[in-house]
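The values are calculated or read from the model by the stated rules, or taken from the named source; none is laboratory data. Everything quoted here is computed from the prediction, not taken from an experiment. Please note: Cβ atoms are built from the backbone with ideal geometry, for glycine as well, and neighbour counts cover all protein chains shown. Side chains are part of the model used for accessible areas, which takes the heavy atoms of the whole protein and leaves out ligands, DNA and RNA. Shrake-Rupley method; radii C 1.70, N 1.55, O 1.52, S 1.80 Å.
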Protein chains: 2
Amino acid sequence: MTRIRRNLIRALLSGDKSYWELIRFQDDSLPKFEEELSNLLNEGLVSTHDHHFSLTDKGIAIAAEEHLSPYVSPVCDACHGKTILLKGPYENWSKQFQEITKDRPKAIKDYDQGYVITEDTIRRVTLIHRFGDLENKDILIVGDDDLTSLALGITGLPRKVKVLEVDKRLVEYINKKAESLGFKNISAELYDVQNPFREELRRSFDVFITDPVETIDGITLFLSRCVEGLRGEDSTGYFGLTHLESSRKKWYAIQKRLLEMGFVITDIIRDFHEYDLDAEDLLTQGFRVVTEAPVNVGAPDTYFYTSDYYRVYAVQELKPLITGTVVLSDELYYDDEAFVTAER
Amino acid sequence: MTRIRRNLIRALLSGDKSYWELIRFQDDSLPKFEEELSNLLNEGLVSTHDHHFSLTDKGIAIAAEEHLSPYVSPVCDACHGKTILLKGPYENWSKQFQEITKDRPKAIKDYDQGYVITEDTIRRVTLIHRFGDLENKDILIVGDDDLTSLALGITGLPRKVKVLEVDKRLVEYINKKAESLGFKNISAELYDVQNPFREELRRSFDVFITDPVETIDGITLFLSRCVEGLRGEDSTGYFGLTHLESSRKKWYAIQKRLLEMGFVITDIIRDFHEYDLDAEDLLTQGFRVVTEAPVNVGAPDTYFYTSDYYRVYAVQELKPLITGTVVLSDELYYDDEAFVTAER
């Protein structure tokens with residue numbers, strides 16, 4: 001029995017689940033998840049009613065044959081497995097961030113946007129602080145729909161924060177907000193990842209933060225640009241990667257590229273980010289997670305979309321794998337595993 | 001200012017620390033830690049008294065110049081950043097494990113032994129369960145001074161557990177205990193990692209668990225042997241790796257080898273294991289962490305030695321990097337970064 005089938009059955013052994021909840025109980029990509037769920041329905045092991053799934057008698061019998069027991073999640077209730085807590089000063093950061101970003105621009109599908117929940121932006125910044133990568137550092141952010149730059153402004157710890165962002169609305173929002181809050185060391189500028197960095201941005205940062213698109217070409221390009229910005233050995237980088245739209249084979253290709261560039265991976269924290277995707281958008285924009293679901297699955301009743309957080313560390317001089325101008329079109333954003341991304 | 005210097009100063013800004021506590025507040029290897037601490041003492045930024053270290057006025061002034069603030073750890077108080085909690089059924093596993101292993105053999109330096117605290121053996125097993133790698137699986141353990149096999153026996157979930165272990169005392173202990181507790185699917189046998197597996201052990205397991213020695217040659221050999229035991233694509237492996245005796249450059253070499261063998265890294269959980277090292281042994285066996293410390297540091301007052309937990313996943317057919325018999329002597333156990341390992 002495959003791992004995904006096992007994981008789905010043991011999740012259902014401990015109670016009925018919605019489609020969106022079930023996604024959180026398995027460890028495979030969304031295409032595989034949909035395929036396996038269809039199989040379970042077709043084989044009569046699982047039934048569905050009112051947007052929920054449950055095991056049939058046949059399913060329960062097979063669970064017993066496979067020695068599966070009802071799954072009790074051991075994931076920490078306090079930090080949700082994210083390793084850190086927003087307590088003390090970090091709780092204050094979180095409150096301030098919620099307050100100042102109330103009027104943030106809505107995510108738009110044009111640039112594969114989708115925000116992490118606001119607490120996760122602060123958890124991100126807190127984690128980076130834990131690892132000693134904030135204080136007095138020059139930080140580069142490539143793509144900032146999560147508004148990490150403003151979270152960094154609240155901490156008051158970095159020396160300089162530069163945002164490069166393709167969405168004009170966000171560039172204006174960040175600059176205006178930074179000005180009104182007196183964050184003098186934070187600025188955003190319009191930037192398209194297809195272009196190399198201008199000279200003044202090269203080799204000027206200690207840390208990069210990005211949330212790349214998850215095609216292999218796309219992520220290679222994002223990371224290569226980030227590398228151009230870093231000072232070199234001892235620099236670090238942070239980015240999210242899902243397993244929902246990136247299979248383990250894609251992860252493998254990405255990890256190979258990271259090592260080729262001169263990075264070692266120091267941390268991978270599972271489900272560090274939860275995304276607050278707009279339910280209306282999700283159901284109407286033709287995302288394959290909905291259109292190819294085996295039954296009508298209803299609106300999400302939980303944060304189903306997560307990404308794992310990578311920290312990488314430069315052990316040597318860095319080498320971008322892509323330099324110069326690159327013209328990328330739809331394939332930058334969209335591949336076979338893109339199930340929560342709009343086709344263009 | 002280097003990251004390690006920054007991390008040490010901000011830790012001391014929030015209060016005096018012992019040598020052993022300070023180790024937990026930095027992210028570098030022990031050789032670098034000792035070097036940096038010596039520098040801080042020699043430059044008059046840090047002073048020491050009664051086995052504790054504190055910032056001098058000069059140190060405090062430099063902290064201000066560098067915009068450092070007293071460090072408040074955001075690490076989760078509940079799970080200590082290990083992502084999971086021993087609650088419900090997992091708490092029962094932990095209690096049973098404590099009970100049945102009370103008479104465990106003492107760690108001996110001959111084989112670079114050193115136990116993780118008993119809760120961490122159960123956390124390990126719980127984590128593996130979270131990832132769907134226990135139920136009805138065939139599990140291979142290469143080196144089992146942590147007695148993970150008996151913890152697996154308590155869960156009752158795996159199909160088969162085979163321990164390969166070089167220490168005769170442990171082989172006998174595990175077999176005797178398994179027999180007396182009725183763990184019929186658990187067995188241990190004497191094995192030296194210098195020898196390839198006998199035919200019946202090859203391609204017979206879904207999961208490996210090991211806690212390898214941390215020289216590059218040593219870990220390559222351990223992982224290659226584990227690979228011989230795995231069934232191939234979709235198999236997984238779990239092992240600990242410290243940053244205390246393995247620099248990031250060594251991590252890089254190890255990650256390259258993992259990818260070469262056909263694994264992708266799915267998780268790296270920082271400080272997942274804490275080791276319960278014998279204070280008497282530590283102070284008397286000539287470990288460099290003591291002998292090369294800048295001052296007399298006293299006995300450990302905290303679990304200072306930790307390792308991060310790796311989960312790896314086979315995305316393709318696996319390829320061991322070493323096959324056949326290998327004769328390895330001291331260099332299997334000991335390299336320049338071995339600071340809590342006995343020279344032989």
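Quick look at the numbers
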item: Search result, residues across segment B:115-130 that are open to solvent by 10 Å² or more (accessible area, probe 1.4 Å), of a type outside the set (Asp, Glu) and either outside the structural domain of B:Glu99 (by TED's automatic domain parsing) or more than 19 Å from B:Arg159 (Cβ to Cβ) (or both); result: B:Tyr115, B:Ile117, B:Thr118, B:Arg123
item: Residue in segment B:144-160 that is nearest to the other protein chains (Cβ to nearest Cβ), counting only those that are among the hydrophobic types (A, V, I, L, M, F, W, C) and on the phi < 0 side of the Ramachandran plot; result: B:Leu157
item: Condition broken by B:Glu99, with the remaining ones in (1) within 17 Å of the chain's Cα centre (by Cα); (2) outside any loop (DSSP other than H, G, I, E, B); (3) charged (D, E, K, R) satisfied; result: (1)
item: Inter-residue pairs, beta-carbon under 9 Å, first on the phi < 0 side of the Ramachandran plot and within 14 Å of chain B (Cβ to nearest Cβ) and in segment A:131-143, second open to solvent by less than 10 Å² (accessible area, probe 1.4 Å) and of a type in the set (Phe, Trp, Tyr), 6+ apart; result: A:Phe131/A:Tyr238; A:Asp133/A:Tyr238; A:Lys137/A:Phe205; A:Asp138/A:Phe205; A:Ile139/A:Phe205; A:Ile139/A:Phe208
item: Per-region count, segment A:238-260, residues among the hydroxyl-bearing types (Ser, Thr, Tyr), farther than 27 Å from A:Arg130 by Cα and open to solvent by less than 20 Å² (accessible area, probe 1.4 Å); result: 1
item: Residues located in segment B:138-166, provided they are buried (at least 24 other Cβ atoms within 10 Å of the Cβ) and within 21 Å of A:Arg5 (Cα to Cα); result: B:Ile139, B:Pro158
item: Residue among A:Asp133, A:Asp145 that is at pLDDT below 95 and among the charged types (D, E, K, R); result: A:Asp145
item: Subset of segment B:270-294 (residues that are within 30 Å of A:Ile269 (Cβ to Cβ) and of a type outside the set (A, V, I, L, M, F, W, C)); result: B:Arg270, B:Asp271, B:His273, B:Glu274, B:Tyr275, B:Asp276
item: Evaluation of A:Asn92 against (1) surrounded by fewer than 16 Cβ atoms within 10 Å (Cβ to Cβ); (2) at the interface with another protein chain (Cβ under 9 Å from one of its Cβ atoms); (3) within 29 Å of B:Phe25 (Cα to Cα) (one fails), failing number; result: (2)
item: Subset of segment B:35-73 (residues that are open to solvent by less than 50 Å² (accessible area, probe 1.4 Å) and either part of a loop (DSSP other than H, G, I, E, B) or at pLDDT below 95 (or both)); result: B:Gly44, B:Leu45, B:Thr56, B:Glu66, B:Leu68, B:Ser69, B:Tyr71, B:Ser73
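Residues are listed down the side, and each one gets a yes or a no for (1) in contact with a Pro (Cβ under 9 Å, 6 or more places away or on another chain); (2) within 22 Å of B:Lys137 (Cα to Cα); (3) more than 10 Å from every other protein chain (Cβ to nearest Cβ):
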{"residue": "A:Thr2", "(1), (2), (3)": "no, yes, no"}
{"residue": "A:Arg10", "(1), (2), (3)": "yes, yes, no"}
{"residue": "A:Leu22", "(1), (2), (3)": "no, no, yes"}
{"residue": "A:Phe25", "(1), (2), (3)": "no, yes, no"}
{"residue": "A:Ser38", "(1), (2), (3)": "yes, no, yes"}
{"residue": "A:Gly44", "(1), (2), (3)": "no, no, yes"}
